[in-house]
Amino acid sequence: MNRFVRWLRVYRAPRVPCERAPAAASAPGADEDHDNDAVARLVIERLAEDEALRRNLTDDAFKPILDLVTSLVPAAAERASTQEDAAEHLSQSARQLVQGLSAAVASGDPSVVSAELLKRFMTEDQARDALQALSAGALPDSSPAERAGSLVATVKSALNRGRV
């Protein structure tokens, strides 16, 4: 404990700002990137804290859905940054997408996933590919965790095709 107190006293002394130092020049668009990051971080935190989104899904079934949506949020935040209340709109959309994907896993019917929601998080081509892949077949008649894995893999596959 004494070592920690000594370290705190010696190394954690408050720093006095140098008033003569030039102000750091920000690159063009740096504030926008910061805003996009802040919006994405806020949306992801809201999703992670909202236990109501889980419904009756187990951790094994819900985690892949949450991971997928949180991976889509940063790009969507970048596109939505010009909107007023971007964080609120994106948060609602992300919440609805998680609910739609959860409903698809619970019912075994991937067609309940809304095309409009997918378009908020993907390009037009990626959303079209994802919807075609989802409508091509039902999810496996196995555990919810396996259905969630299959659903997420289908959506990720469509995302990867859209990037090539």
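The values are calculated or read from the model by the stated rules, or taken from the named source; none is laboratory data. Computed from a predicted model, the values in this text were never measured in an experiment. Here Cβ is always computed from backbone atoms with ideal geometry, including for glycine, and neighbour counts include all displayed protein chains. Just so you know, the surface numbers come from the protein's heavy atoms only, side chains and all, with ligands and any DNA or RNA stripped out. Shrake-Rupley method; radii C 1.70, N 1.55, O 1.52, S 1.80 Å.
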TODO: From the list Ala138, Ala158, pick out the single residue that is over 14 Å from Val69 (Cβ atoms), assigned to a loop (DSSP other than H, G, I, E, B) and at pLDDT below 85.
DONE: Ala138
TODO: Report whether or not Leu66 is modelled with pLDDT of 85 or more, surrounded by 13 or more Cβ atoms within 10 Å (Cβ to Cβ) and in contact with a helix residue (DSSP H, G or I) (Cβ under 6 Å, 6 or more places away or on another chain).
DONE: no
TODO: Look at region 112-122 and say how many of its residues are open to solvent by 30 Å² or more (accessible area, probe 1.4 Å) and not hydroxyl-bearing (Ser, Thr, Tyr).
DONE: 5
Task: Given (1) surrounded by fewer than 17 Cβ atoms within 10 Å (Cβ to Cβ); (2) out of contact with any Leu (no Cβ under 8 Å at 6 or more places or on another chain), number of the condition Gly149 does not satisfy - done: (1)
Open item on the list: Please pick out the residue among Asp141, Asp109, Asp125 that is within 30 Å of Thr82 (Cβ to Cβ), open to solvent by 30 Å² or more (accessible area, probe 1.4 Å) and in contact (Cβ under 8 Å) with a residue 12 or more places away in the chain.
Closed with: Asp125
Open item on the list: Six or more apart or on different chains, Cβ atoms under 6 Å: show the pairs whose first residue is in region 63-86 and farther than 11 Å from Leu97 by Cβ and whose second is of a type outside the set (Phe, Trp, Tyr) and not in a helix (DSSP H, G or I).
Closed with: none
